[in-house]
Amino acid sequence: RRECMQGRPAAAAAADAVRAGDAGLASAVWQAYPRADLADTGLNATCDNSTCAGPSLNATLPGYLLDNWFTGYDTYDGLVIEGASAGGDANDSLAYTVLGNQTAYHALPAALAEVNSAVFNALFDSSGGVRVYNEPLPYGANEQATYDQKMANDTLLVLCVAMAIAILSAGPSVFVVRERACGAQHVQMVSGVGSLAFWVSTYVFDMVAFLLPLATIMATFWAFGLPQYLHEGAAAVALLLFLFAAASLPLTYLLQRLFTNEIKSLTRLTLFYFLFAFVAAMAAIVVQILAAQDIGHTRSAYKVLEWVFRIIPHYCVCKGLFDLSSNNLGILGFVTPPYEYRIYSPLALEVTGWHMLFLAAEAVLFTALLLLIESPPDVLARFVRLGARWLGRSASSEAAGAQRAEAVEDESVREERRRVQGIVAMATASREGDSSANLPPLAAQDLHKVYPSGKMAVASVSFAAERGQIFGLLGVNGAGKTTTFKMLTGDVAPSAGDALVGGVSVSRDLRRAREHLGYCPQFDATLPLLTAREHLLLYARLRGASTARAESLAADLLRRVGLTRYAATPSHALSGGNRRKLSVAIALVSAPAVVLLDEPSTGMDAGARRAMWDVLEAEKANRGLVLTSHSMEEVEATCSRLTIMVDGACRTVGTLQELKSWYGAGYTVTFRVRTAEAMGSLDAFVRAALPGAELAEASALTAKYRVPMVGADGEGLRLSAAFDAVETEVAGERAGGGRVGSGGIVEYSFSQASLEDVFIRFAGTQEGTQGQHGGSVTRM
């Protein structure tokens, strides 16, 4: 009964004498029938040809079954015990009728077996029973073809579903990878978005978008009337697909971290999911069939495969759908312990139950793992940051970083480090931050970064950016500028050292520190489908501005950076220069105390660059700006103070004039002569009149020389003496003499070494630069 009729009790009717115990053998059989398998209807008769029509039908067991066909429980058999057979003795004869519902293929023989068991026990006062065996005839050719066609259709259906869910579940990775790779996610975090809020909102949106195609799959099953996926099977499919969505989304969010290109993420995750969805399911089915025949160690192998493959949600869906089809065809019981015929409920553990339990557990596990990685609790976050420090921190690496910095830095860097130590001491002395108004908005103390690979990116960098000042970080690619910005914004954890942003420690309270930060990364962190105005509205709202205030801020920033005419243009349609303008505007939203600008004018034309400099000049009034750039013109036009970084270390810190004075290689003297013959005489004159002069460049009638200035040792030519020597020559030429010849020198000029000259001197000492592999630069 449990296997053939799902454990449903038989609807029973009996003569009154049978129930009262006055019918001999009939009463004994009634008592011997298992009570749990009998549902007494209170009726006492079945029907024959005369009573199976008309009002008298209602008083019979068939009439009861018809009345309860739609409202009662599922009934697969009925039993009527009428008493002794006609003309027979009550003690050794019995008249009964068994009814069978043929929707359960084996209901009738199973019901007869249970009645015969009750008769046997009543006659012999025992607890035995009768077992019925069924050996079906082999399939005919047409039946086998129909059966094979059903199996092929079900396999093809599972293949199509596997492909669909693989693409669906890999799709959300495209937008997440794009936001992470372009830096938009990090800029949102810097602008106030918590990791928990970011991932919850992403999950909710993707879940809604995910459920619509899954509902379409359900509707397709219903439209084609697939019996295995209807009625109770429909509930199983719906639960299976919903739990799949809940489990596959956080898994995709975890795996997308392996990619930096959204197209590669989509294609490779789709392939990976499809292999586990269909190929693994088919492999498991083959092993399951072999296990049913007990070939070799296939039963143990199947148990292992089943548990391992269920770790991937896509396998659970495909195997669950295939098991539903197999169960509907009546073959699942033959390949499932105890390997005998049975029809399971679609929600049974053997069909979809285990798959659902695994999907539910995976949804919780993958979500928890994602949140632990992306949004760890404060205690765990500190532990992770300490762990990241430990990976890149050792006594030898820190000592090497300090040694590198000490070997190349000048006295200005040491003085800056001592100043920063005083700033940090002031901040530490005020636990409540009351003195933060008197502190510089940004102070970086001994920032040190060593990656697990052993590469030292930053070595003991210290500097402070004052209010009303633009501080510049100058260096070639690989000097450590962007890594320094990443440590200041929390993108990477420093191996050692710390930074105060608005008086708040980046290492101890990153979330509060970010409240004072605006960030323009090196590459545009814009979302392709949002317009320029929508970007600014988004970041203004993230900063806590009201809707009206956000509208006002967006309009003002668009006007100031020159994007008003492009306010409604999606960012992907903006030129490179306009996207940089938008990135700068995003960094300036809500006037943070510190703005970090990583090469903000890259891609702009000369006019736009100068307009941007005017914006930065106006914005520095009540905040500190830190700028990196490859343009010497930009640094000279905007920066009040700067540091030159080489191989991750600060080499010097000071104002523009201080750096030129300290490291400028003398003066540059430019001559223009009247004739080609005068060029030959000019070189002899310069080398005699200006000791130490070196020809820098020359053309047909123009020559440029570098002349050393007076050094700390008093050696060299004073500027006044150089002027006197040249003026004497010019006066001699006017008088008809001179070394160069009459009227030979048309004009000349003296100029101090430019910042570019200073920068080139330092850049030449960067490891790996052409012609140099480390070195030092000495103050003049």
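The values are calculated or read from the model by the stated rules, or taken from the named source; none is laboratory data. It should be emphasised that the depicted structure is a prediction, and the values quoted were computed from it without experimental measurement. Note that we place each Cβ from the backbone using ideal geometry, even for glycine, and neighbour counts take in every protein chain shown. The protein model used for the area step is the full one, side chains on, heavy atoms only, and it has no ligands, DNA or RNA in it. Shrake-Rupley method; radii C 1.70, N 1.55, O 1.52, S 1.80 Å.
Largest first and in whole Å, the equivalent-ellipsoid semi-axes of segment 176-218 read 27, 12, 5, each the square root of five times a Cα gyration tensor eigenvalue.
Computed about its Cα centre, the charge dipole of the chain is approximately 2740 debye, with only Lys, Arg, Asp and Glu carrying charge at their Cβ. For segment 480-555 versus segment 154-224, the spacing of their alpha-carbon centroids is 27 Å. Between residue 293 and residue 564, what is the label-point separation in nm under the 7 Å Cα-to-beta-carbon projection? Spacing of the two 7 Å Cα→Cβ label points: 8.2 nm. Note on segment 341-359 and segment 299-328: Cα centroid distance 10 Å, given to the nearest whole angstrom.
For the pair residue 498 and residue 750, what calculated FRET efficiency results from E = 1/(1 + (r/R0)^6), where r is the Cβ-Cβ distance and R0 = 60 Å, to the nearest 0.05? Rounded to the nearest 0.05, the efficiency is 0.85. For segment 200-307, the Cβ-based charge dipole about the Cα centre amounts to some 280 debye (Lys, Arg positive; Asp, Glu negative; other atoms uncharged). Selection among 746, 762, 344 by position relative to the dipole of the chain gives 746 as farthest towards the positive end (Cβ unit charges, Cα centre).
Taking the Cβ-Cβ separation of residue 511 and residue 347 as r and a Förster radius of 35 Å, what is the calculated FRET efficiency to the nearest 0.05?
Numbers: r = 45 Å, r/R0 = 1.28.
Efficiency computed from Cβ-Cβ geometry: 0.20.
Within the shell of other residues whose beta carbon sits under 14 angstrom from the beta carbon of residue 44, the net charge comes to -3, with Lys and Arg scored +1 and Asp and Glu -1. Going by alpha carbons, how many degrees (0 to 90, nearest 10) lie between the helix axis of 141-170 and the longest principal axis of the chain? The angle comes out near 30 degrees.
Rolling a 1.4 Å sphere over the protein heavy atoms, what is the accessible area per residue of the chain, to the nearest Å²? Numbers along the way, then the final one.
Numbers: 36930 Å² over 780 residues.
Here the residues of the chain average 47 Å² of exposed surface.
Once the dipole of the chain is set up with Lys and Arg at +1 and Asp and Glu at -1 on Cβ about the Cα centre, which of 110, 502, 304 lies farthest towards its positive end? Sorting the options by dipole projection puts first 502.
Just flag the trypsin sites (Lys or Arg not before Pro) in segment 455-549 sitting in loop per DSSP whose Cβ has no more than 13 other Cβ atoms within 10 Å.
Taking segment 455-549 and a limit of 13 other Cβ atoms within 10 Å, the loop trypsin sites (Lys or Arg not before Pro) found are 455, 508.
What is the sum of charges, Lys and Arg at +1 and Asp and Glu at -1, for the other residues whose Cβ falls under 12 Å from the Cβ of residue 81? Summing Lys and Arg as +1 and Asp and Glu as -1 gives -2. Derived from the Cα gyration tensor, the three semi-axes of the equivalent ellipsoid of segment 328-374 are 34, 9, 6 Å, largest first.
Of 455/620; 486/581; 264/319; 481/620; 481/581, which pairs sit farther than 23 Å apart, going by alpha carbon to alpha carbon?
Values: 455/620 35 Å; 486/581 21 Å; 264/319 27 Å; 481/620 20 Å; 481/581 21 Å.
In this structure, 455/620; 264/319 exceed 23 Å between Cα atoms.
Note that segment 458-505, at 25 °C in a medium of 0.890 mPa s, gets a Stokes-Einstein diffusion coefficient of 206 µm²/s from its Kirkwood radius over C-alpha pairs. Among residues other than residue 313 with Cβ under 14 Å from its Cβ, the summed charge is +1 (Lys and Arg +1, Asp and Glu -1). At q = 0.10 Å⁻¹ the log10 of I(q)/I(0) for segment 199-333 amounts to -0.41, computed by Debye summation with a single uniform scatterer per C-alpha, solvent ignored. The Kirkwood hydrodynamic radius of segment 502-612, based on inverse pair distances between different Cα atoms, is 14.3 Å. Each 10 Å bin, from zero up to the one with the longest distance, holds this percent of the alpha carbon pairs of the chain: 2, 10, 14, 14, 12, 11, 9, 7, 6, 5, 4, 2, 1, 1, 1, 0, 0.
Of all accessible surface on the chain at a 1.4 Å probe, what whole percent is carbon and sulfur?
Details: 21370 of 36930 Å².
Carbon and sulfur together cover 58 percent of it.
In the chain, the DSSP-assigned H stretches of four residues or longer account for a calculated mean residue ellipticity at 222 nm of -15500 deg cm²/dmol, using -39500 (n - 2.57) per stretch and the full residue count as denominator.
If you wrap the tightest convex hull around every Cα atom of segment 197-244 and split its volume per residue, you get 56 Å³.
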